[in-house]
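Inspection log for the structure reproduced underneath, given as structure tokens.
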Amino acid sequence: MSSSEAPTARDSQPESAAAITQLPISPSLDPALEHLRLPKQGQTIALNRRIVFISAIAILVGFVSGIVAKLLLDLIALITSVSFYGTFSLGDSSPVHSPYALALIFAPIVGGVLVGLIARYGSSAIRGDGIPEVMEQVLYNESRVPPLVALLKPIASAITIGSGGPFGAEGPIIATGGAFGSLIGQFLRTTSDERKILLSAGAAGGLAAIFGTPVAAVLLAIEVLLFEYRARSLIPVSLAVATAMAMHLALIGSEPIFAMPNITEPGGTALAIYTVLGGIVGLASVYVTRAVYWAEEAFEHLPIHWMWWPALGAVVVGVIGFADPRTLGVGYDNIRNILSGDVLGTSLMILVILKAISWIIALGSGTAGGTLAPLFTLGGGLGALLGVMASAIAPSMGIDIRIAALVGMAAMFAGASRALLTSVVFAFEATRQPLGLLPLLGGGTAAYLVSLFMMRGTIMTEKLIRRGNRIPSEYEADFLDQVLVREIESKEVIALQADDPVEEVRDWIAARAPGSEHQGYPVVNAEAQLIGVVTRRDLLDVDLPITSIVHELIKRSPVVIFEDNSLREAADQMVRENVGRLPIVARDNPRHLLGIITRSDVLGAHKRRMRLANRAQRSIVFGQMRGMRARKANA
């Protein structure tokens, strides 16, 4: 037995981070590496080639998403014209000007019946907004979407919206584009991570193709679907979105979806008011989200099969639509009118209230449709109403009703979804008003903050949370990726000689000598070169011949790690090779033992993270206590 201690000082500097990403040396080029199980490297040429391959597929997915988006819009227009005008037309039409008053009531009901039948006898996965269902596939089904969903979801959504359902087309196209990306991934036998990327590429491409908002689409994928920010996912998704946007320009046009008159740059006081306004709308988004799930729970208590729920909800939609036809359909015209300041006062208040009731009940019934457009309508209308009030109270503050509506639109979505950057950038791209970016950021952030305080989930995740699932909401760099092996390695290594008799080692363990409590020991030869690892269980095996030597107990090639690897790579190496300890070796001499790292060492590294977090928490508490004492002293 010998104690091998790594030197405390080194003649050369640690290798650079770039060196970590190099390919391992081929064993045929360096005999010292033969039979060593080396850690896999983070970035390799093979991985980069795979990114190129997935990116090429993502471009195809984006192209198809653009075509499907156009087909969905045409199908909605066709069903709208048939339902409310009795004609066959693909031109833009709205239920508002229907000459048949009874169609306003009965068309939504017929649509609800058809959607219920499709869900019952086709696939129940078509029910709902679409985004939560896509998230569920990403998180819990390895991004595998059934093929039938890709076919039935857009058909059911077009029937719902075309017959007057108070929804937008964005949720269905996100679900459809995501389904197509998933199907391509399944056909090509990709990994679950690659399917997730293709699914997100299709979903983001669908959003860009509908609204012409490419950057917001990429941000939506990052904030809602990918649950990561890495080059391997960002590149394919961005290329898919760029392709889908090109299809939008070719098939739909280049005009902003929510065109509005140009706005002027707001002053400092106005910015503060817009921020407060965003917080108020954020508060409203909390209660809107709660109302949606209250409606869902109410339908679940009904003594009838869920197949009939969409039709029952459509009765309310139809009655409200008869009272105010503006509540029917996608309502993009409503959003444009609100942002332009063309609808105000009592008319706007009635639209917001009735649209909210109609949409909440319809969505709670489980029919197919999107949430973005209704949220934009409610947020824009509430923002405009609050802007009118603020302008009346303080007319000299320079409040622009149009900016207030724009901030309200983004704040409602930011509060309900907590996709802050998506909300801000979407509002900018959909209107192309760069001077609105600052108030959008202030109002959206205020809404986000209010939502954090008052809701555990979002309008997209609450359903999954209620099923007992945990949805990640914050993305941060892996702590283990930030710590190198050399920072926590044990350099006092108890190594066994290859020719040590097993009986002597057993006596050493029985005597409870220092180091004898370890669960594994590196084994070195006469030249102090690493040749393997033996465990305590191996050494204490009662069936071993009495003449056994340590070398005979080695069952596999040594699994090793380098000092400049991260703890994430070390943990992955342990899991991959099913070992609990890793000898640490030098890159320039992989048989030279420098130290050892165990599972306990890896877990123990988190103590530093927890210590820093606790220190920060104590600082906050102490600061609050000092503030309280100061206030008491002043009082």
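The values are calculated or read from the model by the stated rules, or taken from the named source; none is laboratory data. Just so you know, these numbers come straight off a predicted model, no measurement behind them. Here the Cβ positions follow ideal geometry from the backbone for every residue, glycine too, while neighbour counts run over all protein chains shown. The area values use the complete protein model at the heavy-atom level, side chains included, leaving out ligands, DNA and RNA. Shrake-Rupley method; radii C 1.70, N 1.55, O 1.52, S 1.80 Å.
Annotations for the structure displayed:
- The lone criterion from (1) at pLDDT 85 or above; (2) closer than 20 Å to Asp481 by Cα; (3) not small (Gly, Ala, Ser) left unmet by His592 is number (2).
- Taking helices (runs of 4 or more DSSP H) as the structural unit, those lying wholly within the stretch 162-233 and holding at least 1 residues that are open to solvent by less than 10 Å² (accessible area, probe 1.4 Å), farther than 18 Å from Ser143 by Cα and touching a strand residue (DSSP E or B) at 6+ places or on another chain (Cβ under 7 Å) correspond to 170-187.
- Residue that is most open to solvent (accessible area, probe 1.4 Å), among those in the stretch 234-260 that are over 18 Å from Ala410 (Cβ atoms) and of a type outside the set (A, V, I, L, M, F, W, C): Glu255
- Count of residues meeting criterion [open to solvent by 20 Å² or more (accessible area, probe 1.4 Å) and either in contact with a strand residue (DSSP E or B) (Cβ under 9 Å, 6 or more places away or on another chain) or within 27 Å of Ser254 (Cβ to Cβ) (or both)] in the stretch 383-400: 1
- Residue count for the stretch 263-315 under the criterion of being outside any helix (DSSP H, G or I) and among the basic types (Lys, Arg): the result is 0.
- Residue pairs meeting the criteria (Cβ under 6 Å; at least 6 apart or on separate chains; first touching a residue at least 40 places away in the same chain (Cβ under 8 Å) and over 14 Å from Leu582 (Cβ atoms), in the stretch 594-612; second aromatic (Phe, Trp, Tyr) and part of a helix (DSSP H, G or I)): Arg609/Phe479
- Note on the stretch 138-161: residues that are surrounded by fewer than 18 Cβ atoms within 10 Å (Cβ to Cβ) and either among the aromatic types (Phe, Trp, Tyr) or under 30 Å from Arg326 (Cα atoms) (or both) total 2.
- Some residue of the stretch 71-80 being closer than 23 Å to Ser365 by Cα, of a type in the set (S, T, N, Q), open to solvent by 30 Å² or more (accessible area, probe 1.4 Å) and touching a Pro at 6+ places or on another chain (Cβ under 8 Å): no
- Residue list for the stretch 332-353, filter: more than 19 Å from Pro261 (Cα to Cα) and open to solvent by less than 30 Å² (accessible area, probe 1.4 Å): Leu351, Val352
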